[in-house]
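This report refers to the structure that appears directly beneath it.
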Amino acid sequence: LNHGTASFSDANAGIAKTVTATGYSLADGANGGLASNYELTSTSATTTADIARKVLSVSGLAAAGKTYDGSASVSITDWGSVATGVGSETLTLNHGSASFADANAGTGKTVTATGYALADGSNGGLAANYDLSSTSATTTADIARKALTVAGLTAAGKTYDGNTGVSVTDWGSVATGVG
C-alpha cells in the first residue's frame, strides 16, 4: 500500500480531531505482480488524533527597586511577554498583580507577579491553542533601607571643666514616616 499525504481538518488545538489521508494506491509486494488483481474502494481514509496546546512561559518580568516603606508593594517596569514560536502569531499577555515576598529591606528580593492569562492578539482566536506553563512569574529587585534622622537632641550647658562630657536633657527621636 503506497500512501500520499495526511492532514488535520484544521491547525487548531483540540481532542479527537479528524485526520484525512489521501493518495493511497496499491503496489506489488514481495509476491510481485499481484497488485493488478486488486482495486481500492477508496484512495482516502480518516481517523482521529489530538493536537495538544503549545505550552508557553512568561519571560522578561522586571521590577523597580524602592526604599523601605513598610509595604510589599512593587512597581513593575515590564510585565514580560510570551513568544509563540509559531509563525507570526501574536498573543496578548494579561496580568494581575505583583508584590515583594515581604516588606523588609534587602537586596535581590523575590518579586512575584500573578494572574497571568493569554488573550487573542492581532491574529484573533489563537489563544485557545496555547497554555501558560504558570500563571505567575518571578524576578528580583531591591528594597533599600530608609534613611532616618535624629531630631530633638538637647544638651545642657556647663561651666568649663577641661573635659568633653555633657549632660543630655533630651536624646531626641526619629520619625520613620512608615505606618
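Considering 73, 136, the condition of being within 30 Å of residue 176 (Cα to Cα), at pLDDT 90 or above and among the polar types (S, T, N, Q) is satisfied by 73 alone.
When region 115-168 is examined, which residues are found to be in a strand (DSSP E or B), among the charged types (D, E, K, R) and within 30 Å of residue 105 (Cα to Cα)? Step through it out loud before you land on a result.
If we filter region 115-168 for residues that are in a strand (DSSP E or B), which is where we start, we get 117-120, 130-132, 136-144, 150-151, 154-156, 167-168.
When the remaining residues are screened for being among the charged types (D, E, K, R), the result is 120, 131, 142.
Listed by number, the list holds a single entry, 142.
Among the residues examined, residue 156 does not qualify as under 16 Å from residue 62 (Cβ atoms), touching a residue at least 12 places away in the same chain (Cβ under 8 Å) and touching a strand residue (DSSP E or B) at 6+ places or on another chain (Cβ under 6 Å). Output the residue which, of all residues in region 70-127 that are among the charged types (D, E, K, R) and surrounded by 14 or more Cβ atoms within 10 Å (Cβ to Cβ), is farthest from residue 14 (Cα to Cα). The extreme case among them is 109.
Can you find, within region 53-69, the residue that is surrounded by the fewest Cβ atoms within 10 Å (Cβ to Cβ) among those that are touching an Asp or Glu at 6+ places or on another chain (Cβ under 9 Å) and not in a strand (DSSP E or B)? So, considering only residues that are touching an Asp or Glu at 6+ places or on another chain (Cβ under 9 Å) and not in a strand (DSSP E or B), the one surrounded by the fewest Cβ atoms within 10 Å (Cβ to Cβ) is 60. For region 60-74, state whether one or more residues are touching a residue at least 24 places away in the same chain (Cβ under 8 Å) and more than 17 Å from residue 110 (Cα to Cα). No.
The values are calculated or read from the model by the stated rules, or taken from the named source; none is laboratory data. Since this is a predicted model, take the numbers as computed values, not measurements. Glycine also receives a Cβ, built like all others from the backbone with ideal geometry; neighbour counts cover every protein chain displayed.
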